[in-house]
Amino acid sequence: MQLDRIAVLSFDCYGTLVDWERGILDALSPWRARTGLAVDDEALLAAFAEEEAAQERETPSLRYDLLLARVGARLGRRFGAPMREDEQRAFGASVGDWPPFPDSAEALARLARAVPLVVLSNVDEASIRRSAARLGDPFAALLTAEAIGSYKPDLRNFAYLLGFVRGRGWPREGLAHVAQSLFHDHVPAAAVGIPSIWIDRRAGRPGGATPPPARPVAPALRFPDLASFARAFEAARRGRAARGDTDLGA
């Protein structure tokens, strides 16, 4: 991948820009404390990954805050520690409170000065607006599972992204997708021919709040965080400008 040829960037939000593992654990902490649940963080995140993916397959059109409440109920049943209805609702409503990674807002602001940024996220409209505000609102568009009617890794989500890019008149060949989850993002992006950039927030550690990928996938580039990607992106564009090529896309 030539970073200086990118004309539009699409992003996963939760896990890539927002620390959803921290957000999930914080939102589940009242239930864990009340029930005395003796499960460590990694085991709980792995259980969440399985239950969320299963719920998304079963109810692909259910709004994410409501879906997340059902995931809470599933976790309660799984661990023999039933989650009360008020706890389920609070979990579902917590998404907009999940904290951005420390480098996200600044890196996004720098990237947005060069190319349009689009979010492709597995959440509801209200939650993504709250998260976008916490990230400084640098996005040209917010594309959600609520609007699309399915959840990543469904290929319909990436077809929707491609249709949106085409409708804006942006070059399809200039699109790159930036994400943490191999399962939700990199595998389906590869299936529809979108090059992807891996923000490996877990530093190569398997597990966490995402299932393993359905099949092997090789993202075009890999960075440990968003700040590193932003620096490499800016350096590539400066190099192209120094060569006298001013056609830098958007």
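The values are calculated or read from the model by the stated rules, or taken from the named source; none is laboratory data. It should be emphasised that the depicted structure is a prediction, and the values quoted were computed from it without experimental measurement. When we count neighbours, we look across all protein chains shown, and the Cβ atoms used for this are built from the backbone with ideal geometry, even at glycine.
Structure above, values below:
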quantity	calculated
Helices (runs of 4 or more DSSP H) enclosed by the stretch 42-123 - at least 3 residues per element that are of a type outside the set (S, T, N, Q) and in the same structural domain as ARG156 (by TED's automatic domain parsing)	104-112
Checklist (1) buried (at least 21 other Cβ atoms within 10 Å of the Cβ); (2) within 13 Å of the chain's Cα centre (by Cα) applied to PHE183, failing item	(1)
Test: residue in the stretch 190-199 that is of a type in the set (A, V, I, L, M), within 14 Å of the chain's Cα centre (by Cα), farther than 27 Å from ASP40 by Cα and modelled with pLDDT of 95 or more	yes
Residue, nearest to ALA93 (Cα to Cα), within the stretch 36-51, restricted to residues that are touching a helix residue (DSSP H, G or I) at 6+ places or on another chain (Cβ under 8 Å) and not hydrophobic (A, V, I, L, M, F, W, C)	GLU51
Test: residue in the stretch 147-161 that is in contact with a helix residue (DSSP H, G or I) (Cβ under 6 Å, 6 or more places away or on another chain), under 24 Å from ALA46 (Cα atoms), of a type in the set (D, E, K, R) and not in a helix (DSSP H, G or I)	yes
Hey, ALA38 in a helix (DSSP H, G or I) and of a type in the set (A, V, I, L, M, F, W, C) or not	no
Residues within the stretch 93-112 that are in contact with a Gly (Cβ under 7 Å, 6 or more places away or on another chain) and surrounded by 21 or more Cβ atoms within 10 Å (Cβ to Cβ), tallied	2
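Let's see how each residue does on (1) without any contact (Cβ under 8 Å) to a residue 40 or more places away in the chain; (2) in contact with a Lys or Arg (Cβ under 9 Å, 6 or more places away or on another chain); (3) within 28 Å of GLY204 (Cβ to Cβ):
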residue: ASP4; (1), (2), (3): no, yes, yes
residue: LEU9; (1), (2), (3): no, no, yes
residue: LEU25; (1), (2), (3): yes, yes, yes
residue: GLN55; (1), (2), (3): yes, yes, yes
residue: GLY72; (1), (2), (3): no, yes, no
residue: ARG78; (1), (2), (3): yes, no, yes
residue: GLU85; (1), (2), (3): yes, no, no
